[in-house]
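Colleague: The structure's right below; bear with me while I get my questions together.
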Amino acid sequence: MNASARARWPLLAGAILGFTFLLGMAWVNFEARMFYPADMFTPGRKRSRLRSLRCPLVVARDETAVIRFTLSNPLPRPIRRIARITVAHKHVLLVDQERIIIDLGPHEKQTIQRAIPPSQGVYGGWMLLVSVYVARTPPLDPSLNDCGTLVLPIQGVPGWVIVLLWNGLALGLMLWGWRRIDPDTRGFATLLVGMYLVGLIALVLFRGWVVAASVAALALFAMLLQGLQRLEGGNSIT
């Protein structure tokens, strides 16, 4: 391994670690999106996204996932809001449902939270898939959303710590590799670090798993292309 390759390996290791995390989170949330109960697809009815729904990104095998969402009343009169929480159980076709009825005063909000044990994970216990549907309350349109949580075979470490350590290690390796590279050839390394940060911010702050997946796929493809170019360049020299 030449000096240039040795300088780049921390960057590549961190990039693979970081972009794999982004793709994993996108995969879990894609599975949750495909899990919408069929009765939510009523043709011809306007619906909005329940943007307040939050699930943890990762939980340990012995940790309970807590989901949260907010029901609000933007009207100047009392209303009744009806929500249905659906959780995939063991197999995606088996579900547990809970119906919630809440009376809200004018401009009142109420946050609902539910604990979901890892035992309800699907695909061998690796994922928790949740969807929430809020029924129409005239003149408010119905709303719905979904989210997924990755269950890792780790015990005794909270999910948020796993996420912090995973991404901290990935970013640390990438920055270490970036510093080791010749300043005149840092362009691609800078691009990788920037793309990773964009994907991570989109995922953590805005739950933008589509953006995270797109950024990660483009970055890994670019890494593959550059690797092939370097391999061809090395072969041409010899």
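Values in this text are rule-based calculations from the coordinates and carry no lab data. Given the structure is predicted, the values throughout are model-derived calculations rather than measurements. Counting neighbours? That spans all protein chains shown, and the Cβs are built from the backbone with ideal geometry, glycine included.
Colleague: With the Cα gyration tensor of the chain in hand, convert its eigenvalues to equivalent ellipsoid semi-axes via √(5λ) and list them largest first in whole Å.
Modeller: Working: eigenvalues 365, 70, 53 Å².
Its equivalent ellipsoid spans semi-axes of 43, 19, 16 Å.
Colleague: Still on this structure, I have one more. For a test of the definition: using alpha carbon positions, the gyration tensor, and the 1.5 limit on a/c, classify the stretch 35-152 as rounded, prolate or oblate. Present the calculation step by step, with values, prior to reporting the outcome.
Modeller: Details: a/c = 2.68, a/b = 1.72, b/c = 1.56.
Since a/c reaches 1.5 and a/b is larger than b/c, the shape of the stretch 35-152 is classed as prolate.
Colleague: Sequence-distant or interchain residues sharing an amide H contact under 5 Å with SER52, placed H: which?
Modeller: For SER52, the qualifying residues are THR70.
Colleague: Read phi for every residue in the stretch 11-16 and hand back ³J(HN,Hα) as whole Hz from Karplus 6.51 cos²θ - 1.76 cosθ + 1.60, θ = phi - 60°, with x for Gly and Pro.
Modeller: Here the 3J(HN,Hα) series is 4, 5, 5, x, 5, 4 Hz.
Colleague: State to the nearest 20 debye the size of the charge dipole of the chain about its Cα centre, where the only charges are +1 on K and R beta carbons and -1 on D and E beta carbons. Don't skip to the answer; put the middle values down first.
Modeller: Numbers: 25 positive and 13 negative charges, 121 e Å.
It comes to approximately 580 debye.
Colleague: Turning to a different aspect of this structure: Which three extents, in angstrom, do the Cα atoms of the stretch 133-212 have along their principal axes, listed largest first?
Modeller: 63, 35, 13
Colleague: Modelled label-to-label distance, VAL157 and LEU75, 7 Å Cα→beta-carbon offset: nm?
Modeller: Rounded to a tenth, the inter-label distance reads 4.9 nm.
Colleague: To check you understand DSSP bridge types, tell me what percent of the beta bridges within the stretch 35-152 (both residues inside) are antiparallel, rounded to 5. Don't skip to the end; give the middle numbers.
Modeller: Numbers: 35 of 40 bridges.
If we restrict to bridges inside the stretch 35-152, about 90 percent are antiparallel.
Colleague: Just grab the label-to-label distance for THR190 and ILE102, each label 7 Å out from Cα along the Cβ direction, in nm (one decimal).
Modeller: Distance between the two pseudo-spin positions: 4.7 nm.
Colleague: May I ask you to evaluate 6.51 cos²θ - 1.76 cosθ + 1.60, the Karplus curve with θ = phi - 60°, for each residue of the stretch 177-186 and list the ³J(HN,Hα) values in order in whole Hz, giving x for glycine and proline?
Modeller: x, 4, 6, 6, 7, 4, x, 6, 10, 8
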